Every structure is written in C-alpha cells, then in structure tokens.
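K.L.:
Would you mind keeping the following structure in view while I ask a few things?
The values are calculated or read from the model by the stated rules, or taken from the named source; none is laboratory data. Source: prediction; values computed, not measured. Here the Cβ positions follow ideal geometry from the backbone for every residue, glycine too, while neighbour counts run over all protein chains shown. The area values use the complete protein model at the heavy-atom level, side chains included, leaving out ligands, DNA and RNA. Shrake-Rupley method; radii C 1.70, N 1.55, O 1.52, S 1.80 Å.
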Amino acid sequence: MAAKIRKGDRVIVIAGRDRGREGKVIRAIPSEGRVVVEGVNMVSRHVKPSQADPKGGVRRFEAPIHVSNVALKDPKTGKPARVGFAIRDGRKVRVCKGSGEVIDG
C-alpha cells in the first residue's frame, strides 16, 4: 500500500498530548504504522555511562507516534488535510482531498 505520509512531510498532530503541534517527519516506520516527528512526543531516557558515552545522563529524543494521530499539512491552506491519490500526467501522485493541491510532483 502506498504511504500517505512520508519522510520530509510537514504534519500536524491531531490527537494526543501534543495535539496542535506541527513538525517535519524525520523517519517513517511503515511496518509499525508509526512516524517520528521533529520536536513532538519528546521522551527522556536515562543512559548509563559506557565506553561509547562516558558521561551517560538523561537523553531527550522524539519517540514514534502512530500515523493515525498526524495529518499532512495542506500546502495551500496550512490546515490538516486528508490525503488521496490521483493520476496526473501519467504518474501516481498524492493530492489533498480538500484543496486538490498536488503534494509531491
């Protein structure tokens, strides 16, 4: 199945504790149905000192969020948009359902 949200897309979080925040997709994990969004769903992890990281300490990083909790940001209106597919010039492209704007191409 084609991915409606891909790495590099601008998305808006529509559910969860970070609702309303937006960011860029850093990584997509299609096998788990999750994406990692820049600056969203920040978690802390306590890391013991090791040879690779002699200081250790508390590390903060973005945890994956389920793809159903994010929506693509419409390039035309800046609002959350549903994504569909269409054939344009012989290519399958992603389009915003509301505005009909082509996303990638």
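K.L.:
Show the residue pairs that are 6+ apart or on different chains and have beta-carbon atoms under 8 Å apart, the first residue being within the range 77-93 and more than 21 Å from residue 67 (Cβ to Cβ), the second being open to solvent by 20 Å² or more (accessible area, probe 1.4 Å) and aliphatic (A, V, I, L, M).
P.N.:
88/102
K.L.:
At pLDDT 95 or above, more than 25 Å from residue 101 (Cβ to Cβ), out of contact with any helix residue (DSSP H, G or I) (no Cβ under 6 Å at 6 or more places or on another chain) and surrounded by 12 or more Cβ atoms within 10 Å (Cβ to Cβ): does that describe residue 38?
P.N.:
No.
K.L.:
A further question on this structure: Among the candidates 79, 73, 24, 97, single out the residue that is of a type in the set (Lys, Arg), buried (at least 18 other Cβ atoms within 10 Å of the Cβ) and under 20 Å from the mean Cα position of the chain (by Cα). Show your work before the answer.
P.N.:
Details: 79 fails: buried (at least 18 other Cβ atoms within 10 Å of the Cβ); 24 fails: buried (at least 18 other Cβ atoms within 10 Å of the Cβ); 97 fails: buried (at least 18 other Cβ atoms within 10 Å of the Cβ).
Exactly one of 79, 73, 24, 97 is of a type in the set (Lys, Arg), buried (at least 18 other Cβ atoms within 10 Å of the Cβ) and under 20 Å from the mean Cα position of the chain (by Cα), namely 73.
K.L.:
What number of residues within the range 43-70 satisfy the criterion of being farther than 30 Å from residue 19 by Cα and in contact (Cβ under 8 Å) with a residue 24 or more places away in the chain?
P.N.:
0
K.L.:
In addition: Looking only at the range 42-51, decide whether some residue is in a loop (DSSP other than H, G, I, E, B), open to solvent by 100 Å² or more (accessible area, probe 1.4 Å), more than 29 Å from residue 79 (Cβ to Cβ) and among the small types (Gly, Ala, Ser).
P.N.:
The initial filter retains those residues of the range 42-51 that are in a loop (DSSP other than H, G, I, E, B), namely 48-51.
The next check asks that each one be open to solvent by 100 Å² or more (accessible area, probe 1.4 Å); those that pass are 48, 51.
Those still in the list that are more than 29 Å from residue 79 (Cβ to Cβ) too: 48, 51.
Subset that is among the small types (Gly, Ala, Ser): none.
No, that holds for no residue.
K.L.:
Given the condition free of Cβ contacts under 8 Å to residues at least 60 places away in the same chain, in a strand (DSSP E or B) and open to solvent by 90 Å² or more (accessible area, probe 1.4 Å), answer yes or no: does some residue in the range 2-19 qualify?
P.N.:
Within the range 2-19, not a single residue is free of Cβ contacts under 8 Å to residues at least 60 places away in the same chain, in a strand (DSSP E or B) and open to solvent by 90 Å² or more (accessible area, probe 1.4 Å).
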